[in-house]
1. What spacing in nm lies between the two simple spin-label points modelled at ASN15 and LYS108, each 7 Å away from Cα in the Cβ direction?
2. Ignoring ligands, DNA and RNA, how do THR16, THR7 rank by accessible area with a 1.4 Å probe, largest first?
3. Please give the per residue accessible area of region 33-99, computed with a probe of 1.4 Å over protein heavy atoms only, in Å².
4. Computing the accessible area with a 1.4 Å probe over protein heavy atoms, can you report the carbon and sulfur percentage for region 1-124?
5. So how do 29-37, 97-105 stack up, highest first, on mean other-Cβ count within 10 Å?
6. Of the listed values [x] 7.7; [y] 11.0; [z] 11.7, grab the one calculated as mean projected area of the Cα convex hull in nm² from the structure here.
7. Go ahead and estimate [θ] at 222 nm for the chain from helices alone: -39,500 (n - 2.57) per DSSP H run with n ≥ 4, summed, over the residue count, rounded to 500.
Amino acid sequence: MTAKPVTVAIVEDNNTLRAQLVEMLKHESSLQCIGAFPDAEQALARLPGLNPAVVLMDIKLPGMSGVECVARLSPLLTKTQVIMITVYDDSDSVFESLAAGASGYLLKPVEQSQLKAAIDEVRAGGAPMSMSIARRV
């Protein structure tokens, strides 16, 4: 019996990067992309109904920030794990994200193998982080 794929949603305002992340997920049979959103407002409206296992969240979004979106989603999706994917490597962004409810923090650009490993790690109860971020934490 084959295990059900892990459901993943993406919140990323950069159209090219969002499409690349969707494509990466398509190439992993153990993962299934169930939604990709360009902003926090659309994600907040749709994600509770989709109930993804993992959300990949950008920090800098138009309108509401990714950190605020995580803070609002966390009480609605108590079993969903959020991994921030961003270019921001400053301590404030890292700690604000974790305090809002994120479980991991990866720096762009993200390789497909790194993304898969981070999703596997967060599903196993870990806190995946890019090496430079983990040193700070």
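The values are calculated or read from the model by the stated rules, or taken from the named source; none is laboratory data. Keep in mind it's a predicted model, so treat the numbers as computed, not measured. Neighbour counts are summed over all protein chains in view; Cβ atoms, including those assigned to glycine, are modelled from backbone coordinates with ideal geometry. For accessibility, only protein heavy atoms count, side chains too; no ligands or nucleic acids. Shrake-Rupley method; radii C 1.70, N 1.55, O 1.52, S 1.80 Å.
1. Each label point is offset 7 Å from its Cα along the Cβ direction, giving 1.5 nm.
2. Output order, biggest surface exposure first: THR16, THR7.
3. 45
4. The nonpolar share, carbon plus sulfur, comes to 51 percent.
5. Put in order of decreasing packing, that is 97-105, 29-37.
6. After the calculation, the listed value that fits is [x].
7. For the chain, the value works out to -12500 deg cm²/dmol.
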